[in-house]
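Below is one structure, written out as structure tokens, with a few remarks after it.
The values are calculated or read from the model by the stated rules, or taken from the named source; none is laboratory data. All values reported here derive from a predicted model rather than from experimental measurement. Cβ: placed from backbone, ideal geometry, glycine included. Neighbour counts: every protein chain shown. Heads up: the accessible areas ignore ligands, DNA and RNA and are worked out on the full protein's heavy atoms, side chains in. Shrake-Rupley method; radii C 1.70, N 1.55, O 1.52, S 1.80 Å.
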Amino acid sequence: MYITLRLRMILLFCVVIGVFLAGTYVVVYDSFAHEVRLGLDDRLLDAARPVIAAIAAHPSQQHLTGLEIEGQSLQLLAPGGRIVEQSKGSDEIKINAEDLQQGTKPVFQTALTRNGSVRIAILPILVQREPRWFVVAESTANADRIEGTFRTKAFGLWTVSLLLTTLIAVWYVSRSLSPIVDLSRHAAVLTMKASRSVHSDLDVRLPIVNPNDELGILAANFNVLFARVSTVVGQLRQFVSDAAHELRTPLSVVLGETQLLFSQPRTGDEYRAALTTITGELSTMTRIIEGLFTLSMADAGQLKVQSGRLFLDEVIQEASGLAMAAARRKKIKIENTHLEEIEYFGDQALLRQLFIILFDNAVKYSPPETTIQAGLRLIKDRPTAFVRDRGFGISAEDLPHVFERFYRAAPQTSDEARSGGLGLAIAQAIIEAHGGEISCRSDVGVGSVFTIVFAAVDRETEREKMSVPSESSRVVFAALEQDENAPDRSL
């Protein structure tokens, strides 16, 4: 049978406190019963002293015969346990000869008679220089009654204490486990919301009563987890929605062109124009799908970097040359200024793709007859490149999101903003796969500057790697280079 954590904690709490209280009551009862017996022994001694004094003063007289004391029995014994004299009602008191010991200290014992338990005190004395033993006995009924009353009250107090302990344990355990209960409830709410097909608010937070205890820290950590899960689920939903939107447009164009071709006979030029449009849209879908595949590989840590010897300045010049055709159509100049010759070890195809993305975006979002500048230099042993445009700029609200997938800072009505929205996300994945980082600084109406900082490479290790020939990496997004005649399609 499964026992819940709450019940286990309550049972443990009650058992520990119950055993502790029981042990305490046993010790207290034992001490109380001992004191009651000592009190009874003192009464026996007090009763014996005047009689012993009388016997010592008048040894020839009979002091006990015919004497009747309520609740007490008196005897005077000679060696061997022989009764010299005794009071009335003392016949049931039987003392063994071995219990009669020489000395000065009294001996106490408890005996059972027909009338109940009695407490006996045996006091050694000398009567005319002969050993005698004075025996005084008293019923223990009163002491037993006092002890029984104490036991009853102690058991009742123990029971009440245990009940109060159980109530306190239930309250305390419930209060202590309330953050965990809230955690389970909020997790269930989060699961329910996440399983819905429609978008709902996944920002679920646990209340934190004491942020410094273990449960407070646990609740705080789960709040962070819930926030991240909410962000990831929101991004996933947005990603799926945007991906479907981006693929729907070219698919609609392809379907429309195909239906138009089949609607009536066409000339050769009309077929050629329709097929050109279909090819362009298929290229767009290909780039989007390849971009999604590359990002999924990067997310899984499986983006393969086939490193080889290269010069970063040559990579930048090659990428700017590929973007030159689109720039000329808008009368935009691309200037490669301050390009230092820097030898590097990396994947040339991926790095070229990185700069193609940056040049393509710079051309796309820059007004005609402006200038795009690119530079490269070594700063603190780290190659640092930049691409600067004089475009529309990015607002402060949009700037933190420019590297997110399918995010566009450009107005949705802009024809040139029609793109897959994956370019900068892919660029970030490429540079991070090389151990570097990318950042953006922008002012609205002034332009943007994208800065790429490569990882520093140990020179000795670099020379050893460069001594081994490596196969050139494949072009991950070859479709962009092949589609130079479609500048308004971006990654």
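What to note about this one:
- Selection of GluC sites (Glu not before Pro), the range 307-377, meeting DSSP coil and at most 16 other Cβ within 10 Å: Glu340, Glu341, Glu369
- Gain on full stretching of the segment that runs from Lys331 to Asp381 - 0.36 nm per residue minus C-alpha separation: 14.4 nm
- Euclidean distance between Cα centres, the range 37-67 to the range 239-281, Å: 129
- Considering the range 37-92 at the alpha-carbon level, its Rg and Dmax are found to be 11.7, 34 Å.
- Between Leu38 and Leu126, the C-beta separation translates, for a Förster distance of 30 Å, into a calculated FRET efficiency of about 0.65.
- Applying both filters, DSSP loop and at most 15 other Cβ atoms within 10 Å, to the trypsin sites (Lys or Arg not before Pro) of the range 1-106 gives Lys88, Lys94.
- Local net charge near Gln109, Cβ-Cβ under 15 Å (Lys/Arg +1, Asp/Glu -1): -1
- R0 of 45 Å, Cβ-Cβ distance Ser439-Arg185: FRET efficiency to nearest 0.05: 0.60
- Couplings for the range 40-52, taken from phi via the Karplus curve 6.51 cos²θ - 1.76 cosθ + 1.60 with θ = phi - 60°, read 5, 4, 5, 5, 4, 5, 4, 6, 7, 4, x, 5, 5 Hz in order; Gly and Pro are left as x.
- Taking a ≥ b ≥ c as the square roots of the eigenvalues of the Cα gyration tensor, an a/c ratio of 1.5 or more together with a/b larger than b/c marks the range 1-125 as prolate.
- Thr110, Thr384, ranked by accessible area, largest first (probe 1.4 Å): Thr110, Thr384
- Couplings 3J(HN,Hα) for the range 87-92, derived from phi with the Karplus relation 6.51 cos²θ - 1.76 cosθ + 1.60 (θ = phi - 60°), are 7, 5, x, 9, 5, 7 Hz, where x marks Gly and Pro.
- Efficiency of FRET from Cβ geometry, Ser395 and Ser241, R₀ 22 Å, rounded to 0.05: 0.45
- Ranking Ser139, Thr110, Leu183 by how far each Cα lies toward the positive end of the dipole of the range 87-193 (charges on Cβ) leaves Leu183 at the top.
- Fraction of accessible area attributable to carbon and sulfur, the range 294-398 (%, probe 1.4 Å): 47
- Kirkwood hydrodynamic radius of the range 210-310, from inverse mean 1/r over distinct Cα pairs, in Å: 18.1
- Maximal additional length on extending the Arg175-Arg114 stretch stands at 16.0 nm, based on 0.36 nm per residue less the C-alpha distance.
- Of the GluC sites (Glu not before Pro) found in the range 40-119, those in coil by DSSP whose Cβ has at most 14 other Cβ atoms within 10 Å are Glu68, Glu70, Glu92.
- The phi torsions of the range 380-387, fed into the Karplus equation with coefficients 6.51, -1.76 and 1.60 and a -60° offset, translate into couplings of 6, 6, 10, x, 10, 10, 9, 10 Hz, rounded to whole numbers, with Gly and Pro shown as x.
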